[in-house]
Each structure stands twice: as structure tokens, then as C-alpha cells.
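**Q** Let me begin by handing over the structure; questions about it come next.
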Amino acid sequence: MLRSSRVLIATASILLGLVFMFPLWRIELQAPQYPEGLGLLIKVSDITGVKPHDLQNINGLNHYIGMKTIEPDSIPELRFMPVFVAVMIAAGLLVAATGNRVLLYLWVGVFLIGSVAGLVDFWLWSYDYGHNLDPTAAIKVPGMTYQPPLIGSKQLLNFVATSWPALGGLAAMVSVGIGSLVAIGEWRRARKGAEATG
Amino acid sequence: MIRTTKFAMGLAAGVVTLLVAGCGGGTPIGGNGDAASAVYVAPGEYDEFYFFTSGGFSGQLGVYGLPSGRLLKQVPIFSQWAENGWGYSEETKAMLETSYGFVPWGDSHHPELSQTDGVIDGRWLFINENNTPRIARIDLTTFETVEIIEIPNSAGNHASPFVTQNTEYTVAATRFSVPTPQADVPIDSYKENFSGMLSFVKVADNGRMNIAFQILVPGYNYDLSHSGKGPSHGWSFFTSYNSEQANTLLEVNASQNDKDYIAAVNWMRAEECVANGQGERWASNYVHNYFDDRHIAVSDMENGTTVITPATCSDMVYYLPTPKSPHGVDVDPSGLLIAAGGKLAAVIPVHSFTKMIQAIENEDFIGEVEGIPILRYESIIAGEVKNPGLGPLHTEFDGKGYAYTSAFISSEIVKWSLETFEVVDRIDAYYSIGHLSIPGGDTREPWGKWVIALNKTTKDRYLPTGPELAHSAQLIDISGDKMRLLLDFPTVGEPHYAQGLPASLIKDKQVRIYPLDENDHPLATKTEAEARVEREGRNVHVYMTTIRTHFVPDNIEGVQVGDSVFFHVTNLEQDWDVPHGFAITGANTSELLLMPGETRTIVWLPTRIGVYPFYCTDFCSALHQEMQGYVRVSPRGSSVPISFNTP
């Protein structure tokens, strides 16, 4: 591995540390009677409101449409994700230290799979909340489901739900992006080297 | 009569002017500008100022926005307020306790905003109660009365609660002199037995009030007050009338002397005398009510005040002779001029603080009353404002070198110069103006944009509403050379006085919810799982929660005729502007309004068997109408056990 590649991988690993400091995703809810807005922050190990009581208030409103209560303690991903991220940081630093290409490919591969799995899991989670509604709910609108979008805005009854990656999520994307580019670069260089010597 | 006619014609001309301007929509006549746009606050936008008006005989406080004149809130203080349970709920009843027992009504008079360095600081608002002497403190983050202290050895607490420049003290004084301490004496022994009392109430850093000392003074009627500022900091001024000491038909008998007095009190000197032990400890009983840190009102029966007299503490009180039953006493922003509203006088006398100090040093006295030296009028006067209108009452200042005095009889505001003491402008008030208010107009730094006339007579200003009419306020622009009337707006009760402050001082400090995890109410129910009903003898305690859109419990059985049912209701909401209400059939108390995170208790005395509904009274959500429950009431001695449902 080039010295510059190793520096980039070390940078990407450290960048990934931002995931522990900033939320991954942000879901904003706007409605006429909520000019101040409500919002959820999806963090690596927790789900919280944007403001102190937002989560409780969103849960309170969701009970009208029969949505399950969002209870961070009962979501296993929030226990698994921080371990995965910590391992990825450590492994990334190991790749940078050893300069081993095979380790690099492995690291990038696991990182990519983990990221995609995370997004799919997030989508499935929000699908479940938005679709599996209590049949005794007070407000039932035929054909209406309440899954917020992964990215972008969607009208859900009186609320406009807007979902975007937050700083932690963006850091993870940049990190996996750097890793992938470095891996591609190293792979090309290795192939050229092999052709030259072959 | 000629004067009246002229005014009437002026008024008629004014109306015509407005009509023409209104129809034409063009350039207003007489340089009046566009009054409508000057007071227009677009939907969704905020007023620039909060304006606090005394509720007078309502006992409460009105809160308005300026310049729109929109009513934002009424704050219950001295009168029970069934609308939210103030004075009915178990947690607030104690606020209306006095040494006379529970007093359900009061007469609020003068809102006074707290100050730091002579400038309004937005911490608290104080307001006096005239009838059963008291002072209340309102927290400006919750707009809630948090403390009421009774003033003993006083009667008619009118010259109150004006603060010193750092809110070291708020004051109280006797408008109706009485035997002090109270005694069973003939009323016509007034001259021998009746006294006044000037009380200084210390305000702690956290706002808590306590009566520091009281000054026993001759039995006149102490009417209004203001404290010195800047160079005159350390002094307080109280007007008095009835130096004749009449005890009957005061309208004639108390209007005979050419001059009455302003009492100038050196309160720093009073502090020294108290510290030197020159005070006398009186066994004065009074009640002090306040919210404790659990947000529950408690009453302390206090005993004893320190009373000092001018005779035993020299250099403390001086009398400034002032023409004809002075009403207001107002200190200009420099702290050097003291204007008096001699309500029957032909001039506005303006005393000079500097000259007053000189006269005291020169012992330029013309007499003495009960140890109080009387200064020579001619030696202390800075100037007299001639032709100030009839019945001058109160003066406020714009911070730009002008004073504005209300004239009750001629129904006008008179603007005069603090340099020349000449009248420079006048404007009619509709009708019979009492107090007037410029935001910050009694402080070192007024916001001299508007003066608000607080009128005593309304007559034809609004659509008529039977014999009882709302009082009327008028917003008048004072930003230019000429005053111009912008807006009439009706007010609640009788706003004797009012004060305003820029919204930016307190707007962002407003409490939106009470955090449930800081709710220390011993009877709070913080989760639905803890909701329950318990019988203790003839008392049934219901520990109830509210959240959109249900009560827990909502079916209660086992209550019997003759029980006292205590509903301890906790609003579990932690969302902005989601109060819930609680009301039950036949309650002889009131409803409850519960702010998010708050616990309040109301007592219900079921008198008949049956099943009685209770419900939420504050439209809370789409399913508000479903927010209800039932209590089953069985005959006394019934075997139906206490039962209730939880989720």
C-alpha cells in the first residue's frame, strides 16, 4: 500500500469516530399545530428527540394511528451498532498500520456490507413501524401507512416527515467512500504491478 | 363651560378628521400619520412590548401586547379565579390566606416591574392590594403569582409597591390612617389615636419578600410613592393628603389646607437606626404566602415587625409642603426632580432633590410634626408648571427631557419640559384619565415611544354593553413633537396603573412546560401505572393522570355520599401548550386547569347517589370529547368496595 493510501485509511477510520459524537439520521416532523417542529435523532446507540420531550410527544401522537411505541431500549440494533463501528475503527487503523492490501479489501468489504445492511435494516424498521398498526387505533385512514422516507419528505396526515442523514451518518458515508476509493486504487496498482512483473 | 364646549368641538373635529382620512386613504390630515399601520401587528407576528395593567377591582392583572392592544392573558392574584382553580385548588388556596382568614377578593392597584440600577430588568412584577393590605410578586417566566405578603399595621395599601432602584425594597403605606396598633377607640378621636405607617419590604435575591421595618408617621392619608434613583437613590417619597386629619366627609374636610405634604424618607438612614437597635419590636401578626419548591402554596403566620419613629430616628423623614392634596409623586429619570400631582392644585409643583438636601443641611424648616421637620416650599421648589390642566394626577417621563402629566378633570395629557417647566403639547383623553404609563416611564431609562392613557370613564367609546362598561386605555404616539392618538383598547377591571417592558426582555425566558421529573409534589402520579384510589376514613384520594386523550383511572367506584373526594391530578404531558382540564358534576369548588407536568388537587363533596361524569375542559386533541370518566357514588355505608381501572 502507498503511504498516502495508509494515511487515507487512518483518516477514514478516525472520521468514523464522529458516529459516536453525532446522530446518524434525523427525521423532522412539521404540522400546523407544531410550528416549533418535532424531531427524532437516530444515533449509533440510541434514539432521542431533537428537543428534550420530542420522543415522548411523537409516541403520544403515534398512538392515535396505532403505531408502536418507539422504545430505544428494546431495539437490539442500538446495542450491536456501536460494537460494529468500534471494531471497524480499530480494524481500519490496523489496515493503515500494517499496509496489508488483503486486510484492506476485507475491511472495505465488511464496511460496505455493514453500511448497506444498516440502511436496509433502518428501512425495514421504519416499514414495520409505519405499516404494522394497532387495529384498534382511533384514527384509521383506509390505505394510509406511515413509513417515513429514508431520504426526503413525505406528507403523513397532518405531518410532513423529512428524513436526512445527519453528521454522523455523513461521516460514515465519507469514511466508507474513502475506504472504497483507496481499495480500488490499491487494487488497480496491484494489478498493474502484477502485469509489469508478469 | 366654555372650556368643555371647546373640547367637545375639538373632539368633533377630530372625528371628522379621522373619517376623512379613513375614506380618502390618502395623506392624513393634520400630520397624524397612518395610525392603523402604527398599531398593526400582522398575523403570526409579535407585539413589541408587554403591557401589564392592574385589574383594579378584579383583583388580577391584565397582560396586553403593544402596540396592538391585544389582551394576552389575565393573571389571577388577589381574587379567586374559577377558570383555572386559583384559590380553589388545595395547592393555591393558601395564597389567599391573611390574618383575617381566607380572603377571596382583592383590589389590585399598581403593577411595578423589578429594577436593577434603576432600569427594568424583567425578573418580577410586584402589585399591591389596597383593601386587605398585601403585596404580590409575579414570576415573569411563568406569569404566575408566586408570593403574597400581608402588610400589618396598615390600612388601604395604596402607596405601594414602588421599588427602589435595585429592588432592594418594595414599599407599602397607609392610605386610610387607623389606630396603630389597632384599638377600640372613638372614631372622632382620630387626631389623638390614628397613625399612618410606611413599610419597607425587603426583596431577597431570589425575590422572597420580608418586612424589614415600618416607620410610624402622623395620621394622614399616604397616597402614592416613588423611590429616588441615581443621585437620589436611598430616598423614597410618599404623597399624603388629609393633613387636616378629618375622619368624616373627607371630600370637603380634607380639602381645606393649601398644602399637604410629600414625606421624603431616607431609608438608608432608617436602616442605620434599625441596625442601631432604635426600632421597637411590635407584636404584629401577618400572613406570608408563597410557593415552596414543590410549587405548592404555603402560609407562614409571621409575628412581629420592627417599628421606628421619626422622633427616635432623626434625619430620617422630612415633609415637603406640596399644594392641595397631592396624588402622584414621580421622580424624573435624572433622579433630581420630584413632580407632584396636586389634584386640586392650579400648578404642578416640581421639587428639586438638590435643593431639598441643601434645605435639610441649612435646617431651613418652617415647623415640625411629630419629629418630622417641614421644609420651606420656596427653598426646595425647582419650578411650577403653569396651566397644567385641571386635576393633575400622575406624571411619567420619556427620557428625552419631557414629562407627561394626566389631568383627570380636564381629561387630557399635558406634555411639559423638564428644563423650562412650560407646557409644550396637550392631547385629549377619553375620558377622565387617571394614571398614564410610558414603558419604563418611572425609571432611569424610559422607552419613550408611547404614552398609554388609563381612563376612568368610557361612556360612548365602544359598542355599549349595558350599564357596566369596560374601562378604556388609549395608545398615544410620543415619538414626535406632537402627541397623536393611535388606538383605543378596552381593559379588564380597572387598570389604575400599568407598566410595560420590551418583549425581548422576557419573551425567550418563558416556561413552556413543567418537567415531570422535577415535579416534587408529594401527591403527584408520574406514571399511569401508579394511578390509584385510596380511602382514608371519609376521605377518598384519587391519584389521577391525564394525557392525550384519557384519564387514568376513568372508572371509579366505592365513593359514598358524604365523602370528601380529593382528585390529585397530574398532567403527564410534556408538550408545549397542551394543558388538560378537570371538572366534575356539582363541584362546589371549581375546575382545574393543569399545565404540562403540573399536579393540582380539587375537592369534590358528593351529596347524591348516582354515577357522575368528569371530563377534560380544555380542548386538548382530536379526541378531546372522548376524554371523560365516571365516578359511582353509593349510599353511605354501602358495601361497594373502592375500585378503579388502570391500563
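**Q** Among (1) within 14 Å of another protein chain (Cβ to nearest Cβ); (2) free of Cβ contacts under 8 Å to residues at least 40 places away in the same chain, there is one condition B:Glu626 misses while meeting the rest; what is its number?
**A** (2)
**Q** In the stretch B:593-622, which residues are within 17 Å of B:Pro553 (Cα to Cα) and touching a residue at least 60 places away in the same chain (Cβ under 8 Å)?
**A** B:Thr599, B:Arg600, B:Thr601, B:Ile602, B:Val603, B:Phe614, B:Cys616
**Q** Is at least one residue of the stretch A:94-107 assigned to a helix (DSSP H, G or I), within 14 Å of chain B (Cβ to nearest Cβ) and within 19 Å of the chain's Cα centre (by Cα)?
**A** No, every residue in the stretch A:94-107 fails to be assigned to a helix (DSSP H, G or I), within 14 Å of chain B (Cβ to nearest Cβ) and within 19 Å of the chain's Cα centre (by Cα).
**Q** Using the structure shown, decide if A:Ala86 is in a helix (DSSP H, G or I), more than 14 Å from chain B (Cβ to nearest Cβ) and crowded, with 18+ Cβ neighbours inside 10 Å.
**A** No; evaluated as a whole, the condition is false for this residue.
**Q** On to the next question. State all residues of the stretch B:137-189 that are assigned to a loop (DSSP other than H, G, I, E, B), surrounded by fewer than 21 Cβ atoms within 10 Å (Cβ to Cβ) and among the charged types (D, E, K, R); if no residue qualifies, say none.
**A** Of everything in the stretch B:137-189, those that are assigned to a loop (DSSP other than H, G, I, E, B), surrounded by fewer than 21 Cβ atoms within 10 Å (Cβ to Cβ) and among the charged types (D, E, K, R) turn out to be B:Glu168, B:Asp184.
**Q** Would you tally the residues in the stretch B:525-546 being surrounded by fewer than 20 Cβ atoms within 10 Å (Cβ to Cβ) and either within 39 Å of the chain's Cα centre (by Cα) or within 14 Å of chain A (Cβ to nearest Cβ) (or both)?
**A** Adding up the residues that qualify gives 5.
**Q** Looking at (1) buried (at least 18 other Cβ atoms within 10 Å of the Cβ); (2) in a helix (DSSP H, G or I), can you tell me which one A:Ala10 breaks?
**A** (1)
**Q** Look at B:Pro635 and say whether it is within 14 Å of chain A (Cβ to nearest Cβ), touching a residue at least 12 places away in the same chain (Cβ under 8 Å) and over 40 Å from the mean Cα position of the chain (by Cα).
**A** When the stated conditions are applied, B:Pro635 does not pass them.
**Q** Starting from residues that are free of Cβ contacts under 8 Å to residues at least 60 places away in the same chain and over 19 Å from the mean Cα position of the chain (by Cα), keep the ones in the stretch B:489-515 and report whichever is nearest to the other protein chains (Cβ to nearest Cβ).
**A** Only one residue fits best here, namely B:Asp508.
**Q** Turning to a different aspect of this structure: If you go through the stretch B:281-314 one residue at a time, how many are of a type in the set (Asp, Glu) and part of a strand (DSSP E or B)?
**A** Summing the residues that are of a type in the set (Asp, Glu) and part of a strand (DSSP E or B) in the stretch B:281-314 gives 2.
**Q** I'd like to verify a number: residues in the stretch B:375-412 that are in a strand (DSSP E or B), of a type in the set (A, V, I, L, M, F, W, C) and over 31 Å from the mean Cα position of the chain (by Cα), how many?
**A** So the answer is 3.
**Q** Give me the residue from the stretch B:165-210 that is touching a helix residue (DSSP H, G or I) at 6+ places or on another chain (Cβ under 7 Å) and not hydrophobic (A, V, I, L, M, F, W, C) and, out of that set, nearest to B:Asp117 (Cα to Cα).
**A** Here the answer is B:Tyr169.
**Q** What do you reckon, is B:Thr170 at pLDDT 95 or above and over 16 Å from the mean Cα position of the chain (by Cα)?
**A** Answer is no for this residue.
**Q** Tally up the residues in the stretch B:547-582 that are in contact with a Cys (Cβ under 8 Å, 6 or more places away or on another chain), assigned to a strand (DSSP E or B) and either away from chain A (no Cβ under 14 Å) or charged (D, E, K, R) (or both), please.
**A** Looking only at that region, the number is 3.
**Q** What strands (runs of 3 or more DSSP E) completely inside the stretch B:418-534 contain at least 1 residues that are touching a Gly at 6+ places or on another chain (Cβ under 9 Å) and either modelled with pLDDT under 95 or under 23 Å from B:His158 (Cα atoms) (or both)?
**A** Answer list for the stretch B:418-534: B:433-437, B:450-455, B:471-477, B:484-491, B:498-502.
**Q** So which residues in the stretch B:265-302 are among the aliphatic types (A, V, I, L, M), surrounded by fewer than 19 Cβ atoms within 10 Å (Cβ to Cβ) and touching a helix residue (DSSP H, G or I) at 6+ places or on another chain (Cβ under 7 Å), if there are any at all?
**A** Scanning the stretch B:265-302 gives a single hit, B:Val298.
**Q** Scan the stretch A:162-169 and tell me whether some residue there is hydrophobic (A, V, I, L, M, F, W, C), in a helix (DSSP H, G or I), under 17 Å from the mean Cα position of the chain (by Cα) and closer than 30 Å to B:Thr549 by Cα.
**A** The answer is no, given that none of the residues of the stretch A:162-169 is hydrophobic (A, V, I, L, M, F, W, C), in a helix (DSSP H, G or I), under 17 Å from the mean Cα position of the chain (by Cα) and closer than 30 Å to B:Thr549 by Cα.
**Q** To continue, here is another question. Any idea which of (1) of a type outside the set (Lys, Arg); (2) farther than 30 Å from B:Glu573 by Cα; (3) in contact with a Lys or Arg (Cβ under 7 Å, 6 or more places away or on another chain) is the one B:Trp450 doesn't satisfy?
**A** (3)
**Q** While we're on this one: Provide a single number: the residues in the stretch A:29-71 that are surrounded by fewer than 18 Cβ atoms within 10 Å (Cβ to Cβ), in contact (Cβ under 8 Å) with a residue 60 or more places away in the chain and more than 14 Å from every other protein chain (Cβ to nearest Cβ).
**A** Qualifying residue count, the stretch A:29-71: 2.
**Q** Output the residue which, of all residues in the stretch B:63-72 that are over 17 Å from B:Arg137 (Cβ atoms) and within 18 Å of the chain's Cα centre (by Cα), is surrounded by the most Cβ atoms within 10 Å (Cβ to Cβ).
**A** B:Tyr64
**Q** Quick check on the stretch A:140-161: of everything there that is away from chain B (no Cβ under 14 Å) and not in a loop (DSSP other than H, G, I, E, B), which residue is nearest to A:Gly66 (Cα to Cα)?
**A** So, considering only residues that are away from chain B (no Cβ under 14 Å) and not in a loop (DSSP other than H, G, I, E, B), the one nearest to A:Gly66 (Cα to Cα) is A:Leu156.
**Q** Would you say B:Glu518 is on the phi < 0 side of the Ramachandran plot, within 14 Å of another protein chain (Cβ to nearest Cβ) and more than 36 Å from the chain's Cα centre (by Cα)?
**A** Spelling it out, it is not the case that B:Glu518 is on the phi < 0 side of the Ramachandran plot, within 14 Å of another protein chain (Cβ to nearest Cβ) and more than 36 Å from the chain's Cα centre (by Cα).
**Q** Condition test on A:Phe111, is it within 14 Å of chain B (Cβ to nearest Cβ), crowded, with 18+ Cβ neighbours inside 10 Å and hydrophobic (A, V, I, L, M, F, W, C)?
**A** Criteria not met by A:Phe111.
**Q** Among the residues of the stretch B:87-101, is any under 30 Å from B:Leu485 (Cα atoms) and under 16 Å from the mean Cα position of the chain (by Cα)?
**A** Checking the stretch B:87-101: not a single residue is under 30 Å from B:Leu485 (Cα atoms) and under 16 Å from the mean Cα position of the chain (by Cα).
**Q** So which residues in the stretch A:118-139 are closer than 20 Å to A:Leu16 by Cα and either within 14 Å of chain B (Cβ to nearest Cβ) or surrounded by 12 or more Cβ atoms within 10 Å (Cβ to Cβ) (or both)?
**A** Those that are closer than 20 Å to A:Leu16 by Cα and either within 14 Å of chain B (Cβ to nearest Cβ) or surrounded by 12 or more Cβ atoms within 10 Å (Cβ to Cβ) (or both): A:Gly118, A:Leu119, A:Asp121, A:Phe122.
The values are calculated or read from the model by the stated rules, or taken from the named source; none is laboratory data. This structure is a prediction, so every number in the text was calculated from the model and none was measured. For neighbour counting, all protein chains shown are included, and Cβ atoms are generated from backbone atoms with ideal geometry for every residue, glycine included.
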